[in-house]
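Read the structure below first, then the notes.
The values are calculated or read from the model by the stated rules, or taken from the named source; none is laboratory data. The structure displayed is predicted, hence computed values, not measured ones. No Cβ is skipped: glycine too gets one built from the backbone with ideal geometry, and neighbour counts run over all protein chains shown.
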Amino acid sequence: MSGTAFLLNDRGVVRVSGPEAADFLQGLLTNDVLGLEGDAARYAGLLSPQGKVLFDFLVVRVAGDEPTFLLDCLGTQVAELAKRLGFYKLRSKVVIADVSSEFAVLAGFGDAPDLPNAFVDPREAQLGWRAIAPKDSVAKLTIEADVSAYEINRIALGVPRGGVDFAYGDAIVHEANFDRLHGVDFKKGCYVGQEIVSRVEHRGTARKRVTRVVFDGPAPAPGTEVFAADIMIGTVGSSAGAQGLAMLRLDKVEGADLKAGGVGVKLV
């Protein structure tokens with residue numbers, strides 16, 4: 001086994017297992033997991049009852065007799081995500097555990113290596129492959145600790161990073177581009193926050209979105225406010241060179257002269 005991989009040290013892993021694991025997650029997440037098998041994965045979120053994105057993650061089903069799922073989430077949210085899932089457990093026959101110490105989250109370009117739980121990124125194929133692999137299975141890979149090339153590609157493809165490009169607990173599914181990144185199944189049954197998601201989808205009332213932008217100068221820091229004249233219409237997110245992402249009021253940007261921290265901003 002050979003190849004180069006990026007080690008995503010900022011990620012953690014939650015395992016949900018047990019006889020009722022599939023049905024348990026199906027009733028909570030924005031995406032369908034019942035048909036998840038093999039070398040595929042889903043991008044999904046867990047919402048508040050008000051439809052706000054509390055967590056987003058990639059979900060893969062582990063091969064085996066007992067239904068077992070691994071959730072690749074932001075590392076700083078692992079404990080909180082496990083706790084939130086536990087709120088909904090009730091009498092469900094599931095076991096929820098933080099297994100970040102057992103698994104490495106990796107990503108790379110080209111063909112996926114021969115690793116357990118490796119898959120094409122379901123958000124955007126050009127992001128490359130991703131894997132939630134046992135740490136003892138990655139020893140033969142060439143691990144690249146510098147993830148800047150991966151980040152440049154992510155930003156160029158317009159794929160948001162939760163906690164930077166949208167705020168957990170504040171953004172709705174459409175603002176975080178779940179609908180464009182295959183993160184929500186509008187035909188599945190009920191889940192937490194589903195009514196709000198469905199209402200926005202059918203009414204087309206999402207006014208803000210994470211959007212690709214270019215800067216006329218040095219990229220402003222994440223969180224810098226974006227103005228159209230004297231009206232604040234959004235905030236800057238992550239950036240790489242002159243490229244970046246920003247959460248913007250799209251109904252306010254047409255024909256406007258946009259600036260953030262004194263730097264000109266243009267939509268791509």
Practice task
Can you tell me which residue within region 54-108, out of those that are surrounded by fewer than 22 Cβ atoms within 10 Å (Cβ to Cβ) and acidic (Asp, Glu), is nearest to the chain's Cα centre (by Cα)?
Solution key: Glu80
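Just to be sure, is Phe166 closer than 30 Å to Ala22 by Cα and either surrounded by 13 or more Cβ atoms within 10 Å (Cβ to Cβ) or among the aromatic types (Phe, Trp, Tyr) (or both)? Step through it out loud before you land on a result.
Details: closer than 30 Å to Ala22 by Cα: yes; either surrounded by 13 or more Cβ atoms within 10 Å (Cβ to Cβ) or among the aromatic types (Phe, Trp, Tyr) (or both): yes.
When the stated conditions are applied, Phe166 passes them.
Please find, among Ile152, Ile132, the residue that is touching a residue at least 12 places away in the same chain (Cβ under 8 Å) and surrounded by fewer than 16 Cβ atoms within 10 Å (Cβ to Cβ).
Numbers: Ile132 fails: surrounded by fewer than 16 Cβ atoms within 10 Å (Cβ to Cβ).
None of the others qualify; the one that does is Ile152.
When region 31-84 is examined, which residues are found to be among the hydrophobic types (A, V, I, L, M, F, W, C) and either outside any strand (DSSP E or B) or at pLDDT below 95 (or both)?
Taking region 31-84 as the starting set, the residues that turn out to be among the hydrophobic types (A, V, I, L, M, F, W, C) are 33-34, 36, 40-41, 44, 46-47, 53-55, 57-60, 62-63, 69-71, 73-74, 78-79, 81-82.
Passing the criteria: Val33, Leu34, Leu36, Ala40, Ala41, Val62, Ala63, Val78, Ala79, Leu81, Ala82.
Just one of Val16, Val53 is touching a helix residue (DSSP H, G or I) at 6+ places or on another chain (Cβ under 7 Å) and aliphatic (A, V, I, L, M); which is it? First the steps, then the outcome.
Working: Val53 fails: touching a helix residue (DSSP H, G or I) at 6+ places or on another chain (Cβ under 7 Å).
Just one listed residue meets the conditions, Val16.
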Practice task
For Val33, indicate whether it is assigned by TED's automatic domain parsing to the domain that holds Pro116 and touching a helix residue (DSSP H, G or I) at 6+ places or on another chain (Cβ under 6 Å).
Solution key: yes
Exercise for the section: Filter region 230-268 for residues that are of a type in the set (Val, Ile, Thr) and surrounded by 16 or more Cβ atoms within 10 Å (Cβ to Cβ) and give the result. Expected result: Ile233, Thr235, Val236, Val253, Val263, Val265
Handout entry: The listed residue being within 23 Å of Phe55 (Cβ to Cβ), among the charged types (D, E, K, R), outside the structural domain of Ala40 (by TED's automatic domain parsing) and at pLDDT 95 or above, out of Glu195, Glu225
Key = Glu195
Problem - Residue selected from region 135-165 under the condition within 16 Å of the chain's Cα centre (by Cα), β-branched (Val, Ile, Thr) and not in a helix (DSSP H, G or I), by the criterion nearest to Arg180 (Cα to Cα) - result: Val159
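Out of the residues in region 109-129 that are among the small types (Gly, Ala, Ser), within 17 Å of the chain's Cα centre (by Cα) and over 16 Å from Val13 (Cβ atoms), state the one that is surrounded by the most Cβ atoms within 10 Å (Cβ to Cβ).
Of the residues in region 109-129, the ones among the small types (Gly, Ala, Ser) are 110, 112, 118, 125, 128.
Checking which are within 17 Å of the chain's Cα centre (by Cα) leaves us with 118, 125, 128.
Adding the requirement that they be over 16 Å from Val13 (Cβ atoms) leaves 125, 128.
Details: Ala125: 10, Gly128: 19.
Only one residue tops the list, namely Gly128.
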Practice task
Spot the failing condition for Arg212; the list is (1) in a loop (DSSP other than H, G, I, E, B); (2) surrounded by fewer than 19 Cβ atoms within 10 Å (Cβ to Cβ); (3) not small (Gly, Ala, Ser), and only one is missed.
Solution key: (1)
Exercise for the section: Report yes if some residue within region 173-183 is crowded, with 16+ Cβ neighbours inside 10 Å and either assigned to a strand (DSSP E or B) or more than 15 Å from the chain's Cα centre (by Cα) (or both); otherwise report no. Expected result: no
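Hey, does region 51-71 have a residue that's within 21 Å of Gly169 (Cα to Cα) and of a type in the set (D, E, K, R)? Break it down into steps so the answer makes sense when it comes.
Step one: of region 51-71, the residues within 21 Å of Gly169 (Cα to Cα) are 51-59, 71.
Subsequent filtering for residues that are of a type in the set (D, E, K, R) retains 52, 56.
Within region 51-71, one or more residues are within 21 Å of Gly169 (Cα to Cα) and of a type in the set (D, E, K, R).
Conditions tested, residue by residue: (1) modelled with pLDDT under 95; (2) farther than 20 Å from Asp10 by Cβ.
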{"site": "Val159", "(1), (2)": "no, no"}
{"site": "Leu181", "(1), (2)": "no, no"}
{"site": "Val184", "(1), (2)": "no, yes"}
{"site": "Arg207", "(1), (2)": "yes, yes"}
{"site": "Gly261", "(1), (2)": "no, yes"}
Completion exercise
In region 197-249, anything touching a Lys or Arg at 6+ places or on another chain (Cβ under 8 Å), closer than 11 Å to Asp165 by Cα and basic (Lys, Arg) is listed as none
